[in-house]
Amino acid sequence: MPTSSADIIRGTADMLILKLLDVAPMHGWGIGQELQQRSRDALRIQPGALYGALHRLVREGWVRSYWQTTENGRRARYYALTRSGKRRLEIETETWHRLAGGVALILATR
Amino acid sequence: MRQLLSDTLFRIRALFDRRAQRELDEELRFHLDMDAAALRSRGLAPAEAERVARRQFGSMRREAERVRDAWGIALADEFVADVRHAVRQMRRRLGYTAIVVLTLGLGIGATVALFSVVSDLLLRPLPYAHADRIHVFWSDYDWRGEEYDFLRDRAGVFQHLAAFSTNGEPYRPNAASADGARLLPFVVATSTLFDVLGTRPLLGRPFDSTEDRPGAAPVIVISYGMWREDLGGDPHVIGRRIIVGDVPVTVVGVMPKGFYFPTPDIRAWRPLALDPKSPSYFNGYLTLLGRTAAGVRPELVSSDIRRIARALGSRFTYPAAWDKTRNPYALPIRTYLTGDVRDPLLLLLAAAVLLLGIACANAASLILARTSDRTSEMAVRSALGAGQWRLARQVLAESLVLAMAAAALGVAIATAGFRALVAVLPLGNGFGETVGIGWATFAAAFALTLAIALAASAAPMRNLLRNGGGAVNRERSEQGLHRGTRRVHGVIIVSQVAFAVLLVLGARLLIRSVDNLRAVDMGFDPHGVSTYTLVTSDNMSTDDQRQFFGQVLARVSALPGVRAAGITNRLPLRDGGYQGPMGIEGRPDLDGTNRPNSLYRTVTPAYFAAMGLRVRDGRGIDSTDVMGGLPVTVISESFARHMWPGQSALGKHIYSGWSGQMESLEVVGVTHEARLTTVTGQEPFAMFVPLAQQTSISGGVLVVRSLTPPAALMPAVRRAIAEIDPRVAVARIETMDDVVAGALVEPLRLRFFLTLFAGIALVLGTIGVYGVVSYAVSQRRAEFAIRMALGASPRRVLREVVERGLVPVIAGVAAGIIAALAVSSLLGRFLYGLGAADPASLGAAAGVLLAAGMAAALVPAARAGRTSPAEALRAD
C-alpha cells in the first residue's frame, strides 16, 4: 500500500487531471491508472478525491463528460477537456512552474 | 453573485436529480470492477480480487458520500447521517447535553402545561351561547328577592335577567348503600337562567316559569356528570324521581357534556321560588346576571347599570355603610368566572416562559461552544471544499436533535405532570377538571421546539456562512468565528442573567410575603383540630337537628383522644360572610340605616375550646344558655372596643334580627380578635351566639380538638355520624391546618412555583457564565502564558478574567432590575406586607446573581492563573 505521502498534493490534482485529459478523453478509472503509472507510482489519488475533482471540473466547465462503451463492452463515463479547460490548463501549468521554480531556488539556498 | 447563484442552482438541481445519483453509483461501480479486474489479471482469485479492490476502494457508500459531499447535496440519508453525528457528539458531552435537554424539556413542559390551562380556562369558549352578551351584576351573593322582582320590570338593555344562589343538600344515589349521604351541590335559580345562558339541555327541557313559583312540584335539571355517574346514564331519566334531602324531585332535563354554571363542581340546577311571604325574600343571598340584546355596546351596558342603581336607590333605602347603589358595575361573565385565577395563571405562565428563555439561551450557548470548538476542523473541511452548507446543516441537525429530545421530554413532563400541576395550581371549584392538554398545545409545543432549534443555531450558522467561504484562510476564519461567538455569548449571558434576576426576585418577594402572612396571629389555634361539614336536608326540623348535634357531640367527645368538640355554623377563614345589621345599646346614633354589620356565628359551648379561641373578658357560651334562658352573645374585641370605647362591654345589649322582631342579646364575654374571614385585610365585627338559643338551624360544622392526630380520628368520627343519622351528609372533612393553608393557598403555590423556577434559573445562569468564561479562558490561554512568562502575576490574570466575565453578569443584573421595576405593578397584587420594588429583595436577587456569576467565573479564572508558559507553545 502506498503511504499517505504518496497521495496527490491537494490543489495539484485539478491540474494533473486536466493535463491527462489533454492527451486523450478517459474514464475515471483510467485517469487514476495513468496518474499512477506515468508518475511511476509516486502519485496516487483516492477515488473520492478523483471523482470529487472531476465533478467539480465539469461544473466549472473545464471538462465535459459523456457515456460510452469501453473496448470490453461496458458502459463508462468518459471525461474530455473543453476549450476553456485547455486555457485553464495553460494558466495552471504556468503558475506551477513559477511556484516550483521559486521552491527550487529556496531549496538551493546554502 | 452570479457564481453563487449558479452554484446554488446546481446544488438544488443535484438535490432532486435522481439520475445523477444513479449515474454516480454506476460510475463508482465501474471503477471498482476495473480495480478488481486489474487485480485478477495479476493472478488473484476473483473473490480475493473483489475483496482487495473493495478494501482499497473503501466502502462504496462512503466514497459516494464523499463525492456527493463535494457536490453539497443534502440527501435524506445524509440528513440521517447528520443526525447520527449529532447524537454521537452529544453523547461525548453527556453531562452538559443532559442539563440542556433537561432544562429545555422542563421549560417546554412547564410552558406547555400552563399554556394548556390558560387556553382552556381563559381562551376556550364558555358553554353558553354568545357569552360576550352575558353580564353579572355587582354585589355577588348579596341581592334580595325583592330587589330582583323590582329590577325584572326595569331591565333596560338586558333582554333576560336571572337570579341564582348556590346550595347543597344530602343526596344518596344508592339508597341501599351503607355509606352516609353525600353532598349534592346545586344552584337554585329563576327559570330565566336558561334564557340568560342560552344553553339547551341535552335531554328533556329546562324548568319553566310555572315551576319557579312557591308551591310548585319540585323539579331538577342535572349535569351530564351526575347523569352518567349517579344515574348510570339512564336514557329514560326524564321524569324519574330522585331523592334530594328527603324530598322526591322530578328530573326534567340533563345538561350537555362540558356545560357548567357557575362552577364545574355544581351538579344540578333547581328552581328558585321567590315568595314575598317568606322572610328569606328580604335576605341578600342572590347573584344577578343578565343577557343583553345583540349589538349592545359596552358603554351602553355601563350607563344602563348606573340607571339601574339609581332606580334601586329611589325604591330602597340603603345604610351609608353598605350603599349598594354607590359603585355599580357589570362584569362580563368570563371575568366573573375566571377573573380570580387569571392573574396568578398569567404570572406563572410568564415565569415558565422566562425559564424557557433561559433554557433556550443555554442551548444556544452549548451549540455555539460546540461549533467554536470545532472551528479548525470546520475551517479545514471548508477549505477542502466540504462546503459551508454541509457544516451549517450539521449545526442545524444538532440543534434539531437537541430540541426534539427536549420536546419529547417536555411533552412527557407536561403530560405526566399535568394533573399534579393542575392539582397545585390555585384553581378551584372543579375548574381543574375542565382543563386538559389538547392537540393545539402539542402543535404549539412542536412549533416552539422548531423555533428554539432555529434560534439556537442562528448565531453559529451565521458565523459559519459568513466565514466559511471556499478559499477560507484558517486563521481568519477562526478569528472571525471567535469574535462573533464572543458577541453572541455576551448577549446570551446578559439575557440569561436578566431573566434569572426576575425569577429570583419574584421567588424572594413571595417567600417574604408568605413569611409575613404566616406571622399573622390567627387568634385561634388550628393545630390538632379536625372539622366535619354536616349538611342536613332542608326539611329536617331545627329540633331534630339540635338533637342530632347533641348526640354527635356526646359520641365524639367520648372518643379516645378527643379533648373538645363543638359545632359552629361557619368555619373561620373558609366559610366567609353571613353578616347582619345589629342595633347597639346606648348608641342611638347607630340606629336605623346606620346599624353596623356583624358576623353572626352560632356555636356550642365547647366550640371555643375546640377552636382555641380565647375569651379575654367575661365568659364564653355556657351549657346553661338554652332556649328560654337569657339570650346571650360573646363578641369580638374590636366590636366591643368600637361600640363602647373606654367601657366594659359586659352587660351591654345588642339587638339582632329583622325589622319588627328584634331580639335583645346580653354581652357576656369578649374574645381575643380572631381571623374569621381573611388572613389579611380588615376583620368585620363578630358575635357568637349559642346554637341552643336559635330558632332556625341549617346544618353546621363539627370542630374537634384531639390529642391523637386528626387524620387518625376522622374515620371514627365519620362512622359515629353515619350511625346516628345516615341521612346527614358529611360534605367535607378537613384539618383546621389545611383550612388555614387553604386561605394562603394562592401565595403558597405561587411561591412554590417561583422558587422552583428561580432555583433552576440560578443553576442555568451559573452554568452559562461558567461555560462562557471558561471558553474565553481556553481561547486566551496562550496569551496568558506569554504574559505570565513576561512577569504578569497570576493574581493579575485571575482578576482580569473575573472582571471580564462579570461584565455581562453586571449588565444582566442591571437589565433584570430595570425589567423588575417595569413589571413591579403586575407582581404587587400578589404580595403582602411589602412592595414589588422592595429594595431589600432587589438587592438580594442582584447579590445572589452576582455571587453566582463570581463563583462561576472564579473557577476558570483560577485555571487561567495557573497557565504555564509551556502551554503557550502547545496551544499554537
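The values are calculated or read from the model by the stated rules, or taken from the named source; none is laboratory data. Everything numeric here is computed off the predicted structure, so don't read it as measured data. For neighbour counting, all protein chains shown are included, and Cβ atoms are generated from backbone atoms with ideal geometry for every residue, glycine included.
The requirement of being assigned to a strand (DSSP E or B) and either in contact (Cβ under 8 Å) with a residue 24 or more places away in the chain or under 29 Å from the mean Cα position of the chain (by Cα) (or both) is satisfied by B:P248.
Considering (1) within 14 Å of another protein chain (Cβ to nearest Cβ); (2) modelled with pLDDT under 90; (3) in a helix (DSSP H, G or I), the lone condition that A:E71 does not fulfil carries the number (3). Which residues, counting only those in segment B:490-520, are in contact (Cβ under 8 Å) with a residue 60 or more places away in the chain and not hydrophobic (A, V, I, L, M, F, W, C)? Passing the criteria: B:G490, B:S495, B:Q496, B:G506, B:R508, B:R512, B:S513, B:N516, B:R518.
Within the set A:V58, A:V63, A:V103, the sole residue that is of a type in the set (A, V, I, L, M, F, W, C), over 18 Å from B:A38 (Cα atoms) and touching a Leu at 6+ places or on another chain (Cβ under 6 Å) turns out to be A:V63. Across segment A:26-45, the qualifying residues are those that are in a loop (DSSP other than H, G, I, E, B) and under 12 Å from the mean Cα position of the chain (by Cα), and the one among them that is nearest to A:S84 (Cα to Cα) is A:I45. Scanning segment B:195-213 for residues that are surrounded by 14 or more Cβ atoms within 10 Å (Cβ to Cβ) and in contact with an Asp or Glu (Cβ under 9 Å, 6 or more places away or on another chain) returns a single hit, B:P206. Flag not set for A:R10, criterion: at pLDDT below 90, more than 14 Å from chain B (Cβ to nearest Cβ) and under 13 Å from the mean Cα position of the chain (by Cα).
For segment B:815-836, how many residues meet the condition of being in contact (Cβ under 8 Å) with a residue 40 or more places away in the chain, in a helix (DSSP H, G or I) and not β-branched (V, I, T)? Lay out the reasoning, then the answer.
Here is the first cut: in segment B:815-836, the residues in contact (Cβ under 8 Å) with a residue 40 or more places away in the chain are B:815-817, B:819-820, B:823, B:826-827, B:829-834, B:836.
Still in the running and in a helix (DSSP H, G or I): B:815-817, B:819-820, B:823, B:826-827.
The next check asks that each one be not β-branched (V, I, T); those that pass are B:815-816, B:819-820, B:826-827.
Number satisfying all stated conditions: 6.
Does segment B:200-218 include one or more residues that are within 30 Å of B:N327 (Cα to Cα), in a loop (DSSP other than H, G, I, E, B) and among the polar types (S, T, N, Q)? No, every residue in segment B:200-218 fails to be within 30 Å of B:N327 (Cα to Cα), in a loop (DSSP other than H, G, I, E, B) and among the polar types (S, T, N, Q). The strands (runs of 3 or more DSSP E) located wholly in segment B:585-657 that include 1 or more residues which are surrounded by fewer than 19 Cβ atoms within 10 Å (Cβ to Cβ), in contact (Cβ under 8 Å) with a residue 60 or more places away in the chain and not hydroxyl-bearing (S, T, Y) occupy B:597-603, B:653-656.
The condition of being in a strand (DSSP E or B) and under 30 Å from B:I733 (Cβ atoms) holds for only one of B:G168, B:G232, that being B:G168.
When every residue of segment B:325-337 is checked against the conditions, at least one turns out to be crowded, with 20+ Cβ neighbours inside 10 Å, outside any helix (DSSP H, G or I), at pLDDT 70 or above and touching a Ser or Thr at 6+ places or on another chain (Cβ under 8 Å).
Scanning segment A:32-51 for residues that are surrounded by fewer than 22 Cβ atoms within 10 Å (Cβ to Cβ), within 11 Å of another protein chain (Cβ to nearest Cβ) and touching a helix residue (DSSP H, G or I) at 6+ places or on another chain (Cβ under 6 Å) yields A:R44, A:G48.
Every residue, every condition in (1) modelled with pLDDT of 70 or more; (2) aromatic (F, W, Y); (3) within 55 Å of the chain's Cα centre (by Cα), yes or no:
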site	(1), (2), (3)
B:D17	no, no, yes
B:H31	yes, no, no
B:M60	no, no, no
B:R68	no, no, yes
B:G72	no, no, yes
B:A76	no, no, yes
B:A81	yes, no, yes
B:V87	yes, no, yes
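Look at B:V801 and say whether it is hydrophobic (A, V, I, L, M, F, W, C), buried (at least 16 other Cβ atoms within 10 Å of the Cβ) and over 22 Å from B:R512 (Cβ atoms). So B:V801 passes the test. Closer than 26 Å to B:A674 by Cβ, part of a helix (DSSP H, G or I) and out of contact with any strand residue (DSSP E or B) (no Cβ under 7 Å at 6 or more places or on another chain), is that true of B:R546? Spelling it out, B:R546 is indeed closer than 26 Å to B:A674 by Cβ, part of a helix (DSSP H, G or I) and out of contact with any strand residue (DSSP E or B) (no Cβ under 7 Å at 6 or more places or on another chain).
For segment B:509-516, the criterion of being hydroxyl-bearing (S, T, Y) and surrounded by fewer than 21 Cβ atoms within 10 Å (Cβ to Cβ) is satisfied by no residue at all. Residues that are in a loop (DSSP other than H, G, I, E, B), touching a helix residue (DSSP H, G or I) at 6+ places or on another chain (Cβ under 9 Å) and modelled with pLDDT of 75 or more do not occur anywhere in segment B:752-766.
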